[in-house]
Amino acid sequence: MTLIQRRGADPSQVQALIDSGLDPLLARIYGARGVTARAELEYGAEGLLPPGSLKGAGEAATLLADAIEAGARLLIVADYDCDGATACAVGLRALRAFGAEVGYLVPNRFEYGYGLTPAIVELAAPLQPDLLITVDNGIASVDGVAAARDAGIATLITDHHLPGEALPDAEVIVNPNQPGCGFASKSIAGVGVMFYVMLALRAELRARGAFAARPEPNLGTLLDLVALGTVADVVRLDRNNRILVAQGLQRMRSGRVQPGVRALFAVAGREAERAATFDLGFALGPRLNAAGRLADMSLGIECLATDDFGRALNIARELDGLNRERRAIEADMQADALLVLEGVDLGGRASVALFEPSWHQGVIGILAGRIRERVHRPTIAFARSNDGELKGSGRSIDGVHLRDVLDLVSKREPDLLLRFGGHAMAAGLSIAESAYPRFCEAFEAAVRAFVGEQPPEHTIDSDGPLDPGYMTLVSARRLEQEIWGQGFPGPVFDDVFEVEGQRLLKDRHLKLALRKGRTRFDAIRFNHAEAAPGRIRAAYRLAVNEFNGRSSVQLMIDYFEPA
């Protein structure tokens, strides 16, 4: 059952926001998200947390500055998702601007798995690096760092994932979630961590007089990459992250954008000059991620690292083709999963785990997310990996910290999980294929420890009804341009409508003609073919529909029920 639940806001705080000059609608929306003063919505770069508060950033700057002065060979070891690709591109662009000799290595996820492993150190060794720099990975790479040390290679770990019980013995670790780090933005993405390290490095080089005879590199040019990786990685948008995203979007909208980012906008049919968080999360991010899911993320990194727009556009077209292929694979896997679910009594279960031998391991994370949305339970989807193993990717719901759930499983059954890691809302793991039935029960028991005996009810948080005077193109565009994301969600409204017409588009999307009072609206509910009753209560988002060169308001319906 789904429950539309209205967010609450302190009326006095909302009034204070209005008195400060904020539009009443925005005051109501922001008040419901805990904003108490307009200053919290000011996103100038001067509001960023200082790099000195990030543990290890200063030491990393010294290590890198010494390496640059010594002419050392640096090698970035990247991750295979959008966060990892943008973090790698930030590192490449900044370090080259500082005069470093730097390359990168992004292992094929299907051959080498995740993180800096001994096998990846062996792969890197022929390149003769003096220093390995991990981006968006490495905090769990105890064995890999040890292998690098044995090979005479130094390591700098930059990561944002939660650490395990033991930290790798690296020269320097920069991670806001490591013990003893007082950095206030624990939710910063991997690309944000790398950007902060580059800020600290620039300050160190400035102090050494490195820019006395040449211009100081402007790291602000990298903020479009930082914004893209931050939104695409679905990290919580605390104020520091919102500043990073806002600064990146500002550059995009002013036309100051990396060639690869502009190319991704072009193949997605979007305009950088009207960039919104939606574009980063649902248009650009998936195209970059498709490279890591189906092929090799070096394709995505090359797109972001090149200064040649023609080359970037050709790569972006390849990425677009991979993304179409990914969507087709995902559709087939989702059909399989729904067939499996038909035979499962979900009423008594708090979790879902699914496995089909034919599933593609690069797409299981998306599949887990789709099923989670449908059943509103923590979900893990598995695909075959190598050597009799299954690789799993999970997505969770509010109130169930998925990495903590897996940690509980590992403590209760120490030999069950071969590897695991991740965040509150997303995590990955590996198990023996023969252990799959055992894992399903252990996972269910661990989730129960978090939610109790009653599975959590699916709720949609609403910002309440919307006055017809605000259901305009101007309001839709204004809301679209604000900074929304994980932990700071875009507005969802709920109202009662009369249904005056309905039809199916492509046999799976419900197109509706709605009326509220004397005002009529176009609406659509994607991936929903069931007919609506004559009068509905709908939870919806205000959106702009672009068609044949014309723009109009459209209600994007997330859910409806009879009114």
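The values are calculated or read from the model by the stated rules, or taken from the named source; none is laboratory data. For clarity, every value in this text was computed on a predicted model and none was experimentally measured. Cβ coordinates were reconstructed from backbone atoms using ideal geometry, including for glycine residues, and neighbour counts include every protein chain displayed.
Values for this structure:
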| read-out | value |
| --- | --- |
| Only listed residue being within 21 Å of Gly152 (Cα to Cα) and not hydroxyl-bearing (Ser, Thr, Tyr), chosen from Leu75, Leu49 | Leu75 |
| Any hit, segment 12-33, residues being buried (at least 19 other Cβ atoms within 10 Å of the Cβ) and in contact with a strand residue (DSSP E or B) (Cβ under 9 Å, 6 or more places away or on another chain) | yes |
| Scope segment 80-130; condition at positive phi and modelled with pLDDT of 95 or more; matching residues | Gly99, Gln128 |
| Number of positions in segment 228-253 that are among the β-branched types (Val, Ile, Thr) and in contact with a strand residue (DSSP E or B) (Cβ under 6 Å, 6 or more places away or on another chain) | 1 |
| Residue tally, condition within 23 Å of Ala140 (Cβ to Cβ) and assigned to a loop (DSSP other than H, G, I, E, B), over segment 173-218 | 14 |
| Exclusive hit being among the hydrophobic types (A, V, I, L, M, F, W, C), at pLDDT 95 or above and either closer than 24 Å to Leu473 by Cβ or surrounded by fewer than 12 Cβ atoms within 10 Å (Cβ to Cβ) (or both), set Ala532, Ala523 | Ala523 |
| Cross-chain or 6+ apart pairs with Cβ under 7 Å, segment 23-34 first and touching a residue at least 24 places away in the same chain (Cβ under 8 Å), then assigned to a loop (DSSP other than H, G, I, E, B) | Arg28/Ala9; Arg28/Asp463; Ile29/Asp463; Ile29/Pro491; Ala32/Arg7; Ala32/Gly8; Ala32/Ala9; Ala32/Asp463 |
| Residue count for segment 345-386, restricted to those that are assigned to a loop (DSSP other than H, G, I, E, B) and either among the polar types (S, T, N, Q) or on the phi > 0 side of the Ramachandran plot (or both) | 6 |
| Hits in segment 42-56 (condition: in a helix (DSSP H, G or I) and of a type in the set (A, V, I, L, M, F, W, C)) | Ala45 |
| Residue check, Tyr112 in the same structural domain as Ile173 (by TED's automatic domain parsing), within 30 Å of Leu429 (Cα to Cα) and free of Cβ contacts under 8 Å to residues at least 12 places away in the same chain | yes |
| Qualifying residue in segment 89-105 (condition: among the aromatic types (Phe, Trp, Tyr), in contact with a helix residue (DSSP H, G or I) (Cβ under 8 Å, 6 or more places away or on another chain), assigned to a loop (DSSP other than H, G, I, E, B) and under 27 Å from Glu69 (Cβ atoms)) | yes |
| Where Glu216 falls short, out of the listed (1) surrounded by fewer than 19 Cβ atoms within 10 Å (Cβ to Cβ); (2) at pLDDT below 95 | (2) |
| Some residue of segment 426-441 being under 16 Å from Leu542 (Cβ atoms), out of contact with any His (no Cβ under 6 Å at 6 or more places or on another chain) and surrounded by 14 or more Cβ atoms within 10 Å (Cβ to Cβ) | no |
| Filter result (of a type in the set (D, E, K, R) and either at pLDDT 95 or above or not in a loop (DSSP other than H, G, I, E, B) (or both)) within segment 149-172 | Arg149, Asp150, Asp159, Asp169, Glu171 |
| Output for segment 448-476, where each listed residue is more than 26 Å from the chain's Cα centre (by Cα) and among the small types (Gly, Ala, Ser) | Ala449, Gly452, Gly464, Gly469, Ser475 |
